[in-house]
Structures are given as C-alpha cells and as structure tokens.
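Participant: Here you go, one structure.
The values are calculated or read from the model by the stated rules, or taken from the named source; none is laboratory data. From a predicted model like this one, the values you see are computed outputs, not experimental measurements. Please note: Cβ atoms are built from the backbone with ideal geometry, for glycine as well, and neighbour counts cover all protein chains shown. Quick note on the areas: whole protein, heavy atoms, side chains included, nothing else; ligands and nucleic acids left out. Shrake-Rupley method; radii C 1.70, N 1.55, O 1.52, S 1.80 Å.
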Amino acid sequence: MGFFDFLTEEIAIDLGTANTLIIHNDKVVVDAPSIVARDRISGKIIAVGQEASLMQGKTHENIKTIRPLKDGVIADFDASEQMISMFIKNIPALKKKFFTPALRMVICIPSGITEVEMRAVKESAERVNGKEVYLIHEPMAAAIGIGVDIMQPKGNMVVDIGGGTTEIAVIALGGIVCDKSVKIAGDVFTNDIVYYMRTQHNLYVGERTAEKIKIQIGAATEDLELPPEDMSVQGRDLLTGKPKQVSISYREIAKALDKSILRIEDAVMETLSQTPPELAADIYNTGIYLAGGGSMLRGLDKRLSQKTDLPVYIAEDPLRAVVRGTGITLKNLPKYKSVLIK
C-alpha cells in the first residue's frame, strides 16, 4: 500500500434518490439534489445538483432533467455515473490535485436492494476511479450516524425515511436482524400533494411546488402543537386554464398524506412483530430512531409514538445522519469491516 496511500483519497457517499451527499476529510463537501440536466442534441450534461433542480419542470424540448435514481436504486446508469463524477470533480480539495487520485469509497445502498442493483452502484463507482469500493446498508449507516453503538449486543430500531424508500431495521451486534424496505417515502408524499391539489382544488401544481408545500407546511397529524402558517400556492387552474393561487393549511396536507403515512406505520408494526423477543425488550427501553428527510414531517414522531407505544427520537440533522454514519465507517474501516459489503 505504502506509496499509493499518498495518492488515495477517501470519500463517503450517500447516493440518495432526492439528495446526494459526499464527505471528504470529515467535512460534507457535496450536498445537492440528485438531478442532472442533459442537452438532448449533444447528449452533454449542462447542469447538475442545485442548478439542475432549478430547471426541473421548466425545460424546453432540448433540455431534459433526469433523476438518475428511483426508489433508492440506479434507474439511469449513464446519468448517475456522470452525476457522481461531476460531484466528485466539484470537491474543492480534489480540484487542486494535478491528476485524478484513486478513491477509496464507502457508498450506502438501501437494504432491500438486489445483487444486480448492487453491482450497478459498484460499477458506477469504479468507473469514476474508485479503486476500493465498499457498500453499507442505509439503516446501518443511519444508526452509526445517529450515534448508536451498533456493535453492542443490544437491539436498536432505525427508521430512515428517504426520498425513494423508507428503510426500517432492527440492528444488533453490528448486523441487521430484521428489516423492511418500503417504496413509500418523500417522493410519494410529494405526489400525494400534487394529487390532492388537483382533486380538491382543481389546481395543477408542479413537483417542485408540491415539494415546497411539503417542507413548508407538511404534517402527519391534524393536531399540531405549533401549527405552521397557511401557505399560498400558485399553479394552473384546471377549469379555466388560468394561473391561480389558493391558500392551504397544514391540516389539508395531513389529510393528503394520511394514507401513505399509514403504510409506513404498518411497515414499522410489521418489523416490530418480527423482532426476536430479547431485542423487542431492548427496543422497549431504547425506542425508535428516525432519520432521513421524511422524519422532519411535523408530528410524524408523535404519530409513530402513539401507534407503537414507544418513544420516538429524531436524529439531529436527519438529512445528514446517513452520510455521517458512512463517513464514520470510512474513518474506522478495520472496526467496521464486518458491517461493510465488499
């Protein structure tokens, strides 16, 4: 290894459906939406991340915005590879380098992923100069990022609500004892809001607007202690075809999201019912940890807590819990060798 260590850079990647985050030298250096804009004629990538996300839903026929990941897995191999390589090239510390360094990477993947999908992630990483590529399951990374000591013979339950999937896992002794991955998460919430606005208000809103509504006034229950202010939403009136504005309260969004949240609750209940009794005893004491962007939905923690009769904790900075955990495994590779998938 010796001499080459000098040429190898270590990076941790959380390749998410909605956002991609990269840690290099213990700092989050990339935190951007997983989206690329491509020129239809030349096939070149015009923009990536934040810049491309501003174009979403506002393009003409020569520009196409692509979200290369769907339901937590790579749907568009070329686009995802170009996106990863652009992100890596944008890391300030690597820009200064005279030549592209070899990379040692840890990348997180959903727990319900198939062999083929796993290989796609790996190949993508190898094509952008990844010499040593390790994979880690998302709930595992989330648990480490939350600060749980996963090597202990103690059960911990993690629910990671991302953009494409919700990962639920019970973790003990550095492994996943039982897990469930459901394809209901942030993207589905957004689509629920689009559908609700269309059916209840005859207002056609784009995905970006729906996402804004979700972040600004999204809620999981109709009785919040600190309700957000009503929000005015602009879109196209489906009856007249004119642009119009309506005022929406968080209660309506809670109604719109109710069915999807129910399905997440059911998945949590099912995972609990499959947990071995000794670990169930631990979870009664430790409770449930929430991570991922979806955990920031107002009142979700309370709702899950009422459903399961367990304490529910939200990770600090839940959007970055997974990438933090990935970064920690990267720093202590020998300790976490058993957790990683080579």
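Participant: Looking only at Phe189, Phe99, Phe87, which one moves most when the chain is put into a Gaussian network model with springs between Cα atoms under 10 Å?
Facilitator: Taking springs between Cα atoms under 10 Å, the residue moving most is Phe99.
Participant: Normalised by the number of residues in the stretch 185-254, what is the relative contact order in percent for Cα pairs under 8 Å and 6+ residues apart?
Facilitator: Details: 97 pairs, mean separation 22.1, N = 70.
Relative contact order of the stretch 185-254: 32 percent.
Participant: Ok, one more. List every residue whose amide H lies under 5 Å from the amide H of Leu69, counting only residues 5 or more places away in sequence or on a different chain, with H placed 1.01 Å from N in the peptide plane.
Facilitator: Ala75
Participant: By the gyration tensor of its Cα atoms, with a ≥ b ≥ c the square roots of the eigenvalues, what is the shape of the stretch 96-160: rounded for a/c under 1.5, prolate for a/b over b/c, or oblate?
Facilitator: Details: a/c = 3.29, a/b = 1.73, b/c = 1.90.
The shape class here is oblate.
Participant: If you count only protein heavy atoms with a 1.4 Å probe, what accessible area per residue comes out for the stretch 1-98, rounded to a whole Å²? Please report the intermediate quantities before stating the final value.
Facilitator: Working: 5290 Å² over 98 residues.
Heavy-atom accessible area per residue stands at 54 Å².
Participant: Between Thr17, Thr271, Thr326, which gets the highest mean-square fluctuation from a Gaussian network model of the chain, Cα cutoff 10 Å?
Facilitator: Thr271
Participant: While we're looking at this one, here's another question. Where a Cα-Cα gap under 20 Å defines reach, which lysines qualify for Lys307, not counting those fewer than 8 residues away within the same chain?
Facilitator: Straight-line reach from Lys307, under 20 Å: Lys180, Lys255, Lys259.
Participant: Given a cut-off of under 8 Å on Cα pairs at least six residues apart, what relative contact order in percent is computed for the chain?
Facilitator: On the way: 699 pairs, mean separation 62.1, N = 342.
Reported as a whole number, the value is 18 percent.
Participant: Same structure again: For the stretch 203-342, just say rounded, prolate or oblate: build the C-alpha gyration tensor, square-root its eigenvalues into a ≥ b ≥ c, call rounded for a/c under 1.5, and beyond that prolate if a/b exceeds b/c, oblate if not. Mind dumping the intermediate values first?
Facilitator: Details: a/c = 2.73, a/b = 1.76, b/c = 1.55.
Judged from the Cα gyration tensor, the stretch 203-342 comes out prolate (a/c at least 1.5, a/b above b/c).
Participant: Across 10 Å bins from the origin, how do the percents of Cα pairs in the stretch 185-254 run, short distances first?
Facilitator: In whole percents, the pair-distance histogram is 22, 56, 20, 2.
Participant: Next question. Using amide H atoms built in the peptide plane, which far-off residues or other-chain residues are under 5 Å from Ile63 H to H?
Facilitator: Counting only residues 5 or more places away or on other chains, the set is Arg40.
Participant: List the GluC sites (Glu not before Pro) within the stretch 46-99 that fall in a DSSP loop (any state other than H, G, I, E or B) and whose Cβ has at most 11 other Cβ atoms within 10 Å. Provide the component values of the computation, followed by the final result.
Facilitator: Working: sites: Glu51, Glu61, Glu81; in loops: Glu61.
Passing both the DSSP loop test and the Cβ count: Glu61.
Participant: Give the carbon-plus-sulfur fraction of the accessible surface of the chain in %, rounded to a whole number; probe 1.4 Å, heavy atoms of protein chains only.
Facilitator: Numbers: 8490 of 16470 Å².
That fraction is 52 percent.
Participant: I've got another one for you. Considering only the chain, what is the antiparallel percent among its DSSP beta bridges, to the nearest 5? If you can, show how the numbers build up before the last one.
Facilitator: Numbers: 42 of 64 bridges.
Restricted to the chain, the bridges split so that about 65 percent are antiparallel.
Participant: So, one more: For a test of understanding, tell me how many lysine pairs in the stretch 22-123 have Cα atoms under 20 Å apart, given they are 8 or more places apart or on different chains.
Facilitator: 10
Participant: From the mean inverse distance of alpha carbon pairs (Kirkwood) and the Cα radius of gyration, derive Rg over Rh for the chain.
Facilitator: Working: Rg = 20.8 Å, Rh = 21.0 Å.
Ratio of gyration radius to Kirkwood radius for the chain: 0.99.
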